[in-house]
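The structure under discussion appears below in the form of structure tokens.
The values are calculated or read from the model by the stated rules, or taken from the named source; none is laboratory data. Since the structure is predicted, the reported quantities are computational estimates derived from the model, not experimental observations. Positions of Cβ are backbone-derived with ideal geometry, glycine not excepted, and every protein chain shown enters the neighbour counts.
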Amino acid sequence: MTTSSVSEAAKVVRALRAAHLHDEGRHALLQMTCERIRSWGVPYTSVYAYMLHSDELVLEAHAGRDTEHTRIRVGRGVCGTAVAEKRDQNVADVGAVGNYLACNLFTKSELVVLIRRGDHILGQLDVDSDVPNGFGEREHADVKEVADALAVLL
């Protein structure tokens, strides 16, 4: 991606801060996040916001394709692994992951970025792409910038 993606991430952060100042609730902030990131275009096919409730991730907002995975146990799939290992996941080829939970047949790569305050994990942004090896360092940094803003606002 070009440097314009950095400004796109900053635009999302500004929009989230403005919505928060206007007393938008958690669901509205998460939905706005998913829609704005997806609007960046390729490689962002679908964006899911899962929030951590005890030992389970619960889907609270999304933009793009629907998923049957509305609840994911910590440790299951790429999303659950991110929480269990306490680190973001960038999977270039989801077909190569043994415990991958397929949302659909078209997804080729996945980026999971934790929403965290210090060591406390609040949830995650899960981004699917129909493009193999869709996410590089720039895409990861952009999504992390938004996730870090959410950690303060939620």
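Pairs linking a residue in segment 84-95 that is under 18 Å from Arg117 (Cα atoms) to a residue that is surrounded by fewer than 12 Cβ atoms within 10 Å (Cβ to Cβ), with Cβ atoms under 6 Å and 6 or more positions apart or on different chains, do not occur. Residues that are under 14 Å from Val112 (Cα atoms) and hydrophobic (A, V, I, L, M, F, W, C) within segment 27-57 comprise Cys34, Ile37, Val47, Ala49, Met51, Leu52, Leu57, listed in sequence order.
Output the number of residues of segment 5-47 satisfying the condition of being among the aromatic types (Phe, Trp, Tyr) and in contact with a strand residue (DSSP E or B) (Cβ under 8 Å, 6 or more places away or on another chain).
Of all residues in segment 5-47, those among the aromatic types (Phe, Trp, Tyr) come to 40, 44.
Of the ones still in play, those that are also in contact with a strand residue (DSSP E or B) (Cβ under 8 Å, 6 or more places away or on another chain) are 44.
Total meeting the criteria: 1.
Within segment 142-152, is even one residue at pLDDT below 95 and either within 22 Å of Val12 (Cβ to Cβ) or basic (Lys, Arg) (or both)? For segment 142-152, residues at pLDDT below 95 and either within 22 Å of Val12 (Cβ to Cβ) or basic (Lys, Arg) (or both): absent. Contact annotation: no residue pair with Cβ atoms under 9 Å, 6 or more positions apart or on different chains, pairs a residue in segment 4-15 that is modelled with pLDDT of 95 or more and part of a helix (DSSP H, G or I) with a partner that is loosely packed, with under 14 Cβ neighbours inside 10 Å and not acidic (Asp, Glu).
Within segment 103-134, restricting attention to residues that are of a type in the set (D, E, K, R) and part of a strand (DSSP E or B), the residue that is farthest from the chain's Cα centre (by Cα) is Arg117.
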